[in-house]
Amino acid sequence: MASELDFPDTKRCIMFILKRPDVDIKNVQHPSKDQPIPILYYQGQTFRLLSVFAANQEEEAMTLWRDLTDNRGKVCVLLEEPERFSVWGKIRLETLGDESSTNDSSRPAEESLIQGCLLILQALFIDIEDLLGTKQAGLFEKDITGALMQWRFPRVNSEKSVKNLLIIDPLATQVPPWEEHHLLRLLEEMHRLGKDAFGNANFAERSLDALEDMPAGDRQRFSKWLSTSPPGKLWQ
């Protein structure tokens, strides 16, 4: 059964909690890329897949769903299935190939946000390797690779692509066109893996020190965004 919630705000945001029998999901060929895109159909509206969560990650799925709708004015679907949860953002099919469309939920995030997340990722990996050894660092790399590929991060299609992300200079290299929901998922997963590795959250402050390499203005923007996003608060 579908549930719709209205927020009495300047922007009217509608959230849907749906189950699999409520919707129809079909693969639509992307107009400019050689890949099918899963599209969810519900009551004449179309939604594009944003993120997938395991069955035991209901809280994380709800957090992203509420953040996109309540804080960012998106119209989103939270789909509940026996084996997983998934978040879908409303999209007009005619804009599917227009990556700059303001009506599309799939716009890349601001470059400084992607850079900041990559710096944290690299710092955490180095910290694990230096303090816990190469075996533990290898496990972290394997786990983060599996997560990025499962969530279909753009330009992450192999172990080699993740190894490259761990060594590039994000401030001097073109960063992948990740969307904000990708960054939120990455923050959550990095924090979970870091806490599993170290046994506590003390690693977070050390990882954030990597942001000192950013220009002051970009660092301030990233820190402000981090403090206002639910997953970002895990790091502060």
>> Considering only residues that are at pLDDT below 90, more than 11 Å from the chain's Cα centre (by Cα) and among the charged types (D, E, K, R), which ones fall in segment 151-201?
In response: R155
>> Could you tell me how many of the residues in segment 134-168 are of a type outside the set (K, R), more than 15 Å from L193 (Cβ to Cβ) and exposed (fewer than 13 other Cβ atoms within 10 Å of the Cβ)?
In response: 4
> Within segment 129-143, which residues are more than 15 Å from K163 (Cβ to Cβ) and assigned to a helix (DSSP H, G or I)?
Replying inline: D130, L131, L132, K135, Q136
> Restricting attention to segment 159-205, which residues are within 16 Å of D143 (Cβ to Cβ) and touching a strand residue (DSSP E or B) at 6+ places or on another chain (Cβ under 9 Å)?
Replying inline: R185
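Hey, any hits in segment 174-191 for a residue that's over 24 Å from S51 (Cβ atoms) and either outside any helix (DSSP H, G or I) or among the small types (G, A, S) (or both)?
The answer is no, given that none of the residues of segment 174-191 is over 24 Å from S51 (Cβ atoms) and either outside any helix (DSSP H, G or I) or among the small types (G, A, S) (or both).
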> Is segment 144-151 home to any residue that is touching a helix residue (DSSP H, G or I) at 6+ places or on another chain (Cβ under 9 Å), in contact (Cβ under 8 Å) with a residue 60 or more places away in the chain and in a loop (DSSP other than H, G, I, E, B)?
Replying inline: yes
>> For G133, only one of the following conditions fails: (1) at pLDDT below 95; (2) on the phi > 0 side of the Ramachandran plot. What is its number?
In response: (1)
> Which members of segment 113-128 meet the condition of being under 17 Å from K195 (Cβ atoms) and not hydrophobic (A, V, I, L, M, F, W, C)?
Replying inline: D127
> Taking the condition surrounded by 15 or more Cβ atoms within 10 Å (Cβ to Cβ), of a type in the set (D, E, K, R) and in contact with a strand residue (DSSP E or B) (Cβ under 6 Å, 6 or more places away or on another chain), does R221 pass?
Replying inline: no
> Among (1) buried (at least 18 other Cβ atoms within 10 Å of the Cβ); (2) out of contact with any His (no Cβ under 7 Å at 6 or more places or on another chain), which single condition is W235 missing?
Replying inline: (2)
> Where residues in segment 103-130 are among the acidic types (D, E) and modelled with pLDDT of 95 or more, which of them is farthest from the chain's Cα centre (by Cα)?
Replying inline: D130
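The values are calculated or read from the model by the stated rules, or taken from the named source; none is laboratory data. These figures come from a predicted structure and were not determined experimentally. Ideal geometry is used to build each Cβ from the backbone, glycine not excepted, and the neighbour counts take in all protein chains shown.
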